[in-house]
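The values are calculated or read from the model by the stated rules, or taken from the named source; none is laboratory data. The model shown is predicted, which means the values in this text are computed figures rather than measured ones. Glycine also receives a Cβ, built like all others from the backbone with ideal geometry; neighbour counts cover every protein chain displayed. All accessible areas refer to the heavy atoms of the entire protein, side chains included, with ligands and DNA or RNA removed. Shrake-Rupley method; radii C 1.70, N 1.55, O 1.52, S 1.80 Å.
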Amino acid sequence: MNKIWIKEYGNTPESEIQGVINRYMPADSLGIAYYTDRFRSAGKKHLAALCEDIPHLLELRLFNDMGELLIRRSHIGGAFVWRLADDNTLEKAAALETDQFLKKPASYYVEYKQYLDIDSSFQSDIDNYGCHTLRTTGGGYYALPVAEKQNMVCIKAYLQYDKNGLAHIADYRLAGFC
């Protein structure tokens, strides 16, 4: 795998995924989980709640501004694939490049912000997982570990270059809320 932002990766059976989470979860993480029947997010103090229903978990993202542990599988009962994206790993690998453009860590990613669909007239509550309950402009509800004034998700898209030097997005991760 030639993705210099990936520190480690692997395949793990369901029975061992909690060990991967305990070993690789970035410090001071926020979390988002997708299950077969629901979406849940949690703030730093409530991340263990995202791991209470591993048998129904399809995807888990534990992230901070410097990295993300992504765990996913395509179907219940299947093995999980996971990767740990780490910006410190990217910076160290970029420093070894001989090409002056590729020596710059910023050559390997694009950062952008995506607005969340939030009805600002709704007074949000904080749920049992440290998340604000938000209402969309269409009337639906969801909960995210955001501060009251945060209305965007910060995303880091990682770039790879083909043999002609053309860039494409090869991976992305959540970096926080802003």
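If you go through the range 14-38 and keep only what is under 14 Å from the mean Cα position of the chain (by Cα) and either under 18 Å from Val153 (Cβ atoms) or loosely packed, with under 13 Cβ neighbours inside 10 Å (or both), you end up with Pro26, Ala27, Asp28, Ser29, Leu30, Gly31, Ile32, Ala33, Tyr34. Report yes if Ile71 is outside any loop (DSSP other than H, G, I, E, B), touching a strand residue (DSSP E or B) at 6+ places or on another chain (Cβ under 6 Å) and farther than 13 Å from Arg173 by Cα, otherwise no. Here the answer is no, as Ile71 does not meet what is asked. Search the range 1-13 for residues being open to solvent by 40 Å² or more (accessible area, probe 1.4 Å) and at pLDDT 95 or above, and hand back the single one that is farthest from Gln160 (Cα to Cα). The qualifying residue farthest from Gln160 (Cα to Cα) is Pro13.
Scanning the range 119-178 for residues that are in a strand (DSSP E or B), of a type in the set (A, V, I, L, M), open to solvent by 20 Å² or more (accessible area, probe 1.4 Å) and out of contact with any Asp or Glu (no Cβ under 7 Å at 6 or more places or on another chain) yields Ile126, Met152, Leu159, Ala167, Ile169, Ala170. Looking at Glu68, is it of a type in the set (Asp, Glu), under 30 Å from Asn128 (Cβ atoms) and either in contact with an Asp or Glu (Cβ under 8 Å, 6 or more places away or on another chain) or open to solvent by 70 Å² or more (accessible area, probe 1.4 Å) (or both)? Criteria not met by Glu68.
Of the residues Phe80, Phe63, the single one that is surrounded by 18 or more Cβ atoms within 10 Å (Cβ to Cβ), within 24 Å of Val20 (Cβ to Cβ), at pLDDT 95 or above and in contact with a helix residue (DSSP H, G or I) (Cβ under 7 Å, 6 or more places away or on another chain) is Phe80.
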